[in-house]
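Working notes for the structure below.
The values are calculated or read from the model by the stated rules, or taken from the named source; none is laboratory data. For clarity, every value in this text was computed on a predicted model and none was experimentally measured. Please note: Cβ atoms are built from the backbone with ideal geometry, for glycine as well, and neighbour counts cover all protein chains shown. Note: accessible area is taken over every heavy atom of the protein model, side chains too, but ligands, DNA and RNA are not part of it. Shrake-Rupley method; radii C 1.70, N 1.55, O 1.52, S 1.80 Å.
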Amino acid sequence: MNVTVITKDEHTVVALRGRLDTTQADAVEKEVVEILDQKHSHIIFDCKEMDYISSSGLRIFLIAQKRMMATGGQLKLCSLQAGIQEIFDMSGFSMIFSIFPDLESALNG
Amino acid sequence: MAFVFGFFPVIIFLGCLFLLDSFKLVKVGLLLVCLGWGLTSTGVAYVLNTGLANYFSLDFETLSRYVAPAVEEVIKAGMVFFLIARRQIGFMVDAAIYGFAIGTGFALAENTWYYWQLGADFNTILAVVRGFGTAIMHGGTMAICAIIVIEGVQRSSKLLISVTTGLLAAILIHALFNQFMVNPFIQTLLIIILLPLVFYFVFMISTNHLQKWLEVEFSNEVDMLRMIRKGYLKDSKAGNYLSSLKDHFEPEVLVDMYCYFSLYLELSIKAKRNLLLKESGIPVIIEPDVKDKLTEIKILRKMIGKAGEMALMPLVRMQHRELWKLNQLE
């Protein structure tokens with residue numbers, strides 16, 4: 001799993017590439033927590049190149065959501081692949097997160 | 001000061017256990033019921049112990065060392081067995097907390113009785129021994145009993161063996177404590193040191209177990225439900241298996257089995273989602289149609305009968321943890 005962070009205007013875009021599964025989750029969580037510790041007010045997880053997510057991966061998004069809610073910040077997810085979007089829809093996680101079809105709409109939304 | 005030492009340690013211990021439950025498996029309402037059961041058990045145990053002592057002309061030593069531990073632990077354990085039978089306990093963590101709460105209720109009522117009976121003689125020394133030692137021992141024995149029984153149930157061991165082992169462990173610890181073989185202060189110190197260690201390992205193992213369970217099942221169930229919704233199930237191993245049942249069941253029963261499987265997957269995914277939300281401290285989602293779906297799955301379970309359920313076992317094993325999981329949605 002590859003994590004890249006870029007800044008666009010007031011947004012911090014965290015691009016996730018690869019599989020977000022149990023074996024990767026701890027390392028990714030560490031990186032995400034470091035980003036959260038920097039107290040950015042707008043974070044976007046760009047999931048365009050994330051092709052798998054398990055419950056350990058979902059837990060990382062939930063940790064980020066909780067932290068952002070507590071600090072009054074905004075967390076968005078964008079560019080979810082069809083299979084992953086389905087996971088969010090079927091499990092009801094799409095009600096928890098703000099999900100955008102692409103990075104452009106997440107930046108403007 | 002005697003009042004503080006006599007009553008607060010066990011409450012604080014229970015509070016700490018409750019806060020350590022990272023998946024928030026424990027329901028506050030049930031926790032209060034357990035406390036209430038513990039409080040009531042003291043009165044019932046008192047009546048029974050007095051009755052047995054009079055009937056068999058037991059001296060105080062025999063009563064307190066051998067008879068009372070058995071009587072008290074059996075009464076306390078009644079609520080643990082009830083909660084497990086009602087699928088309200090799923091893992092070692094919630095078993096330990098509910099069990100400890102029963103013991104807490106028992107100890108609080110017992111110490112109140114001592115406080116009221118002894119008045120000024122309920123001094124700080126006695127309060128320390130009763131508050132840190134006896135009270136926490138009462139919580140600990142029931143927590144250990146609950147952990148042993150739930151582990152037995154989850155491993156599909158014979159229920160009678162799990163219940164007997166759990167009860168015997170609780171009675172043995174209680175009876176050993178009541179022998180006062182070492183100085184009461186040392187005994188109290190041992191309880192304060194050993195019990196948190198036991199709980200630490202139990203919580204660590206149970207949380208690890210829960211995370212692995214979520215990880216493996218969640219992904220499989222999502223994949224399976226996705227195939228069902230897209231109409232690809234027939235191309236999978238599960239679909240082939242369902243097709244192979246055609247010769248053994250009436251078509252309408254097969255339809256019910258298919259619906260049961262699909263609905264189970266949907267509800268199971270939602271129950272696991274709520275566990276993840278609880279762990280993250282985000283309010284859980286209860287969809288408005290969940291209640292109807294839970295009713296529907298209960299009806300479907302009846303319609304397909306035992307034979308249908310057994311035939312579906314390779315796909316859905318509706319055992320204790322599965323039923324507990326669905327209970328979490330209610």
- Pull out the extension gain between B:Ile192 and B:Ala307, defined as 0.36 nm times the separation in residues minus the alpha carbon to alpha carbon distance; nm, one decimal. 36.3 nm
- Mind checking which aspartates and glutamates have their Cα closer than 19 Å to the Cα of A:Lys39? Skip sequence neighbours fewer than 8 apart in that chain. A:Asp9, A:Glu10, A:Glu29, A:Glu31
- In whole percent, the fraction of accessible protein surface over region A:2-108 that belongs to carbon or sulfur atoms, probe radius 1.4 Å, stands at 48 percent
- Item | Mean ellipticity per residue at 222 nm, deg cm²/dmol - from DSSP H runs of n ≥ 4 across chain B, formula -39500 (n - 2.57) | -26500 deg cm²/dmol
- Query: Farthest toward the dipole's positive end in chain B, which of B:Ile84, B:Thr295, B:Val129, given Cβ charges of +1 (Lys, Arg) and -1 (Asp, Glu) about the Cα centre?
  - Reply: B:Thr295
- Please name the residues of region A:34-65 whose accessible area, counted over protein heavy atoms with a 1.4 angstrom probe, falls by no less than 10 Å² between the chain alone and the full protein assembly. A:Tyr52, A:Ser54, A:Ser55, A:Leu58, A:Arg59, A:Leu62
- Please sort by residue number the trypsin sites (Lys or Arg not before Pro) in region B:63-169 whose DSSP state is loop and whose Cβ has at most 15 other Cβ atoms within 10 Å. B:Arg86, B:Arg155, B:Lys158
- Task: State in Å² the accessible area per residue of the protein assembly as shown; use a 1.4 Å probe, count heavy atoms of protein chains only, and round to the nearest integer.
- Result: 48 Å²
- For A:Gln74, the residues 5 or more places away or on another chain with a placed amide H closer than 5 Å to its own amide H are A:His42, A:Ile43
- For the pair A and B, the solvent-accessible area buried on both sides (1.4 Å probe; DNA, RNA and ligands excluded), in Å² to the nearest hundred, is 1800 Å²
- Mind giving me the nanometre distance, one decimal, between the label points for B:Ser57 and A:Thr4, set 7 Å out from Cα along Cα→Cβ? 9.1 nm
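Quick one: putting +1 on the C-beta of Lys and Arg, -1 on the C-beta of Asp and Glu, what dipole do you get for chain B around its Cα centre, in Debye to the nearest 20?
Its charge dipole is roughly 640 debye.
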- Message: What distance in nm lies between label points placed 7 Å from Cα along the C-beta direction at B:Asn123 and B:Asn183?
- Response: 1.6 nm
- Message: Quick check: the angle from helix B:28-55's long axis to the longest principal axis of chain B, C-alpha only, nearest 10 degrees?
- Response: 50 degrees
- Treating only Lys and Arg (+1) and Asp and Glu (-1) as charged, each at its beta carbon, one finds that the protein assembly as shown has a dipole about its Cα centre, in Debye to the nearest 20, of 480 debye
- Report the chymotrypsin sites (Phe, Trp or Tyr not before Pro) located in region B:1-94 that are in a DSSP loop and have at most 12 other Cβ atoms inside 10 Å of their Cβ, or state none. B:Phe56
- How much of the DSSP beta bridge set in region A:2-108 is antiparallel, as a percent to the nearest 5? 30 percent
- Message: Residues of region B:275-319 that become at least 50 Å² less accessible with every protein chain present than in their own chain isolated, using 1.4 Å: which are they?
- Response: B:Leu276, B:Ser280, B:Ile282, B:Ile285
- Task: Could you sort out which of B:Lys212/B:Lys270; B:Lys278/B:Lys325; A:Lys30/A:Lys66; B:Lys158/B:Lys302; B:Lys272/B:Lys325; A:Lys8/A:Lys48 sit more than 19 Å apart by Cα distance in this structure?
- Result: B:Lys158/B:Lys302
